[in-house]
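The values are calculated or read from the model by the stated rules, or taken from the named source; none is laboratory data. Note that the coordinates shown come from a computational prediction; the quantities given were computed from them, not determined experimentally. For neighbour counting, all protein chains shown are included, and Cβ atoms are generated from backbone atoms with ideal geometry for every residue, glycine included. SASA here: full protein model, heavy atoms, side chains in, ligands and nucleic acids out. Shrake-Rupley method; radii C 1.70, N 1.55, O 1.52, S 1.80 Å.
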Amino acid sequence: MALDLSDYENKTSEAIRSFWRTRKEAKIKQMESGKQDQGTRSEVTAGNNLNGFLGVIADLVKANGLENAVIQQSRSLVTLPGFFRPAKNWDMLVLYKNELIAAIELKSHVGPSFSNNFNNRAEEAIGTAHDLKTAYREGAFGKQPRPFVGWLMVVEDAAKSRAPAKKEPATQFPMFPEFKGTSCLERYDLLCQRLVQEQLYTSASVIATPSSAALTGEFSELSAMTGLKTFVSTFAGHIAAQAARLD
């Protein structure tokens, strides 16, 4: 049976429009309250910027055979045990018949600062995945197939995020050459590729979107391996396989 990608492109465009609108609305609300955060922080503290993407993922679950799966998005219900720390909150969990089917993490990176914040995002993504992978190995979720573990990053498509790094860090040993002269977006592409190659995530994706996408819903991919189509296809395939196994 063919996978159902549930019109993900149009739904993602709407999620992109919602992402930018929500950021703008949060900023206006804080300005009106007289408690504006510094920089662009006021645009993200509302915490609902990426909810549209959760809807895209939930639709894929229902369309590929797990209509009765429990999809958790509430902050109080998305906590998993860790191995190196007591617990970790994810953005979405998919559960079915007492099994963890999927754990999804959504992140965004909007300017003006790109190079300074990339390392923080990378360290968080690596640590989170390694913790879950080890917890699974040590039986934290019982005896079950490995869950789908997904990481989706939305990055502002801007001149600064596409510009090569002006200065490389001074390292005691040579930097891997593929990082030299790369932009923030290119580094996210490399990060996502390696997160999957090292089996930390089942699929990791980065998409770029300009601030003008509040009206257009425009977004683009960096490579086939880290593109959104690969992410949703891999996820849909995992859901279909679990549905066939469990039903």
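A full extension of the chain between VAL78 and LEU215 corresponds to an added length of 46.2 nm, given 0.36 nm per residue minus the alpha carbon distance.
Which of the three applies to region 135-247, rounded, prolate or oblate, going by the alpha-carbon gyration tensor with a ≥ b ≥ c and a/c under 1.5 meaning rounded? It comes out oblate by the Cα gyration axes.
Of the lysine pairs in region 106-188, how many meet both conditions: Cα atoms under 23 Å apart, and a spacing of 8 or more in sequence or different chains? List each step's numbers first, then the result.
On the way: LYS107/LYS133; LYS107/LYS160; LYS133/LYS143; LYS160/LYS180; LYS166/LYS180; LYS167/LYS180.
Qualifying lysine pairs in region 106-188: 6.
Between the beta carbons of ALA170 and GLU9, assuming R0 = 45 Å, the FRET efficiency works out to 0.60 to the nearest 0.05.
Ignoring any ligand, DNA or RNA, what whole percent of the accessible area of region 199-239 comes from carbon and sulfur when the probe is 1.4 angstrom?
Numbers: 840 of 1450 Å².
On region 199-239, the fraction of accessible area on carbon and sulfur atoms equals 58 percent.
Computed over the chain, the per-residue total of -39500 (n - 2.57) for DSSP H runs of n ≥ 4 gives a 222 nm mean residue ellipticity of -13500 deg cm²/dmol, rounded to 500.
The equivalent ellipsoid that matches the C-alpha gyration tensor of the chain spans semi-axes of 29, 23, 19 angstrom, in descending order.
Å³ per residue of the Cα convex hull, for region 68-130? Could you put the intermediate results ahead of the total?
On the way: hull volume 6.5 nm³, N = 63.
Normalising the Cα hull of region 68-130 by residue number yields 103 Å³.
Looking at region 123-179, which trypsin sites (Lys or Arg not before Pro) are in a loop (DSSP not H, G, I, E or B) and have at most 12 other Cβ atoms within 10 Å? Let's see the in-between values first.
Values: sites: LYS133, ARG137, LYS143, LYS160, ARG162, LYS166, LYS167; in loops: LYS143, LYS166, LYS167.
Listed in order of number, the matching sites are LYS143, LYS166, LYS167.
Rounded to 0.05, the FRET efficiency of the GLN197 and LYS29 pair, given R0 = 35 Å and the Cβ-Cβ distance, is 0.25.
Counting only lysines at least 8 places from LYS27 when in the same chain, those with an alpha carbon closer than 16 Å to its own are LYS35. Accessible surface of MET225, taken over heavy atoms with a 1.4 Å probe and every protein chain present, rounds to 80 Å². Annotation: the antiparallel percentage among DSSP beta bridges lying fully within the chain is about 45.
Within 10 Å, at most 14 other Cβ atoms, and a DSSP state outside H, G, I, E, B define an exposed site. Report the longest part of the chain free of exposed GluC sites (Glu not before Pro). Within the chain, the longest run free of exposed GluC sites (Glu not before Pro) spans 68-137.
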